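This report refers to the structure that appears directly beneath it.
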Amino acid sequence: MNPIFLLLFFSLFSLPPFSSSHGFHFPSLLKPSQISKRHNSDQKSSHGYETKHFTQILDHFNYHPKSYISFQQRYLVNGDYWGGAAKSSPIFVYAGNEASIDIFADNNGFLLDIAPTFEALIVFIEHRYYGKSFPFGSEEEAFQNATTAGYLSISQALADYAAFVVDLKKNLSAESSPVVVFGGSYGGMLAAWFRLKYPHLAIGALASSAPILQIDPTFDPYIFNDIITKDYRSTSENCYKVIKNSWDEIDKAYNDSIKLEKMESSLRLCKGQGLYTKYWLSNALIYAAMTDYPTPSDLLQPLPAYPVNEVTH
Ligand SMILES: *[C@@H]1O[C@H](CO)[C@@H](O)[C@H](O)[C@H]1NC(C)=O
Ligand SMILES: *[C@@H]1O[C@H](CO)[C@@H](O)[C@H](O)[C@H]1NC(C)=O
Ligand SMILES: *[C@@H]1O[C@H](CO)[C@@H](O)[C@H](O)[C@H]1NC(C)=O
């Protein structure tokens, strides 16, 4: 339905396959009827996640004494469906992205949908330097200068998740429970890279909407906008044209005080915002497309189900 939410499954045949000696077998695929309607409306308070913290080290990559400074990394865990360590039931780990971890837990119904079938433990781990997982005590301290902010990197974040997974499995005596990593967007990139970099810790990763190829400078830089455009165009050809032509009209309005006043009053804008109007409008359209989910969500902004349809009709 929404082309930007392509799912990339990483089977990664070149990596060591998960040994069947662990006794874990994937149940056959879920039938649509087994997938509940999303839990969004009641998820906020009752999705069953418990908040915990893990003592994480600052720097995974050298032996400088400062590397061993630690900080508290937040994670959310839901054991309602877990079959337990004795049954080698799996652990689903959501690789936290660049925001507070509860935002991702609140907006993710998929793991709750599939956890009962797989008897999986669900864990959402927060990315360092986001939410409540700041080294050096606080956001202000963590970002005060390049020395303190320099530990914010993809490699460090992945190593955090690796250390966390090892410790979690040890604590649960769940060494034989397979781990599958999940993520969307930047979190999806982390999930896929985690599987590549730590193949002994995860049997697989599901990377949703993960723009992995887009970090290649030779990759088409317009693909993101093209996909957004397609989303509107597939919903309404006319709406696509109106939006496309509006950018020129906005530009013209900035050279014409009568047009400008008309635009500012019809869109109820603050006066004198200049080109911000364009960014504001394009962001609104982009956000609606990025979260063009079949259910209401508040991942980026509170929006109804299928917000693109709302815009185009
Ligand atoms: C960054 O801040 C820390 C703590 O205040 C300080 O010790 C350090 O010298 C600063 N580094 C730079 C490069 O300014
Ligand atoms: C594992 O247990 C230790 C000791 O209780 C605790 O400090 C640590 O945070 C636990 N690890 C995780 C991932 O919760
Ligand atoms: C607006 O005016 C400027 C300066 O005269 C001009 O360079 C620009 O092309 C005009 N833009 C439009 C959309 O007419």
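Taking 0.36 nm per residue of sequence separation and removing the Cα-Cα distance, the Phe143/His200 pair yields an extension gain of 17.2 nm. In the assembled protein chains, Thr117 presents an accessible area of approximately 50 Å² (probe radius 1.4 Å). A full extension of the chain between Phe219 and Tyr254 corresponds to an added length of 9.2 nm, given 0.36 nm per residue minus the alpha carbon distance. In the context of the full set of protein chains, region 72-228 has a per residue accessible area of 39 Å² (1.4 Å probe). Modelled spin-label separation between Asp226 and Ala86, with each label point placed 7 Å from Cα along the Cα-to-Cβ direction: 5.5 nm. For region 32-215, with all protein chains in place and a probe radius of 1.4 Å, 55% of the accessible heavy-atom surface sits on carbon or sulfur.
The HN-Hα couplings worked out from phi for region 65-71 by the Karplus form 6.51 cos²θ - 1.76 cosθ + 1.60 (θ = phi - 60°) are x, 5, 4, 8, 4, 10, 8 Hz, whole numbers, x standing for Gly and Pro.
Pairs exceeding 28 Å between alpha-carbon atoms, taken from Lys132/Lys278; Lys132/Lys230; Lys132/Lys170; Lys197/Lys230; Lys169/Lys197: Lys132/Lys278; Lys132/Lys230; Lys197/Lys230. Estimated at the nearest 10 Å², the accessible area of Lys241 is 100 Å² with a 1.4 Å probe.
Protein-only accessible surface at a 1.4 angstrom probe places the residues Asp80, Asp216, Asp113 in the order Asp80, Asp216, Asp113, largest first. Heavy-atom accessible surface of Glu249, to the nearest 10 Å², is about 90 Å², with a 1.4 Å probe and all protein chains retained. The portion of the accessible surface of region 264-313 made up by carbon and sulfur, rounded to a whole percent, is 60 (1.4 Å probe; DNA, RNA and ligands excluded). With coordinates expressed along the principal axes, the C-alpha atoms belonging to region 191-293 extend over 65, 29, 28 Å, beginning with the largest.
The dipole here belongs to region 32-215: it is taken about the Cα centre, uses +1 on the Cβ of Lys and Arg and -1 on the Cβ of Asp and Glu, and is about 340 debye. For region 98-177, a crude dipole built from +1 on the beta carbon of Lys and Arg and -1 on the beta carbon of Asp and Glu, taken about the Cα centre, is about 240 debye to the nearest 20.
Heavy-atom accessible area with a 1.4 Å probe sorts His200, His60, largest first, into His200, His60. Potential lengthening of the chain between Ser155 and Glu261 amounts to 33.2 nm, from the contour at 0.36 nm per residue minus the alpha-carbon distance. Backbone amide hydrogens, once placed in the peptide plane, bring Tyr94 within less than 5 Å of Val123, Phe124, Ile125, Phe182, excluding anything fewer than 5 places away on its chain. Put the Cα centre of region 173-234 next to the Cα centre of region 260-309 and the gap is 26 Å.
The values are calculated or read from the model by the stated rules, or taken from the named source; none is laboratory data. No experiment lies behind these values; they were computed from the predicted model shown. Cβ sites come from the backbone with ideal geometry, for glycine too, and all protein chains shown count toward neighbours. Heavy atoms of the whole protein, side chains included, go into the accessibility calculation; ligands, DNA and RNA do not. Shrake-Rupley method; radii C 1.70, N 1.55, O 1.52, S 1.80 Å.
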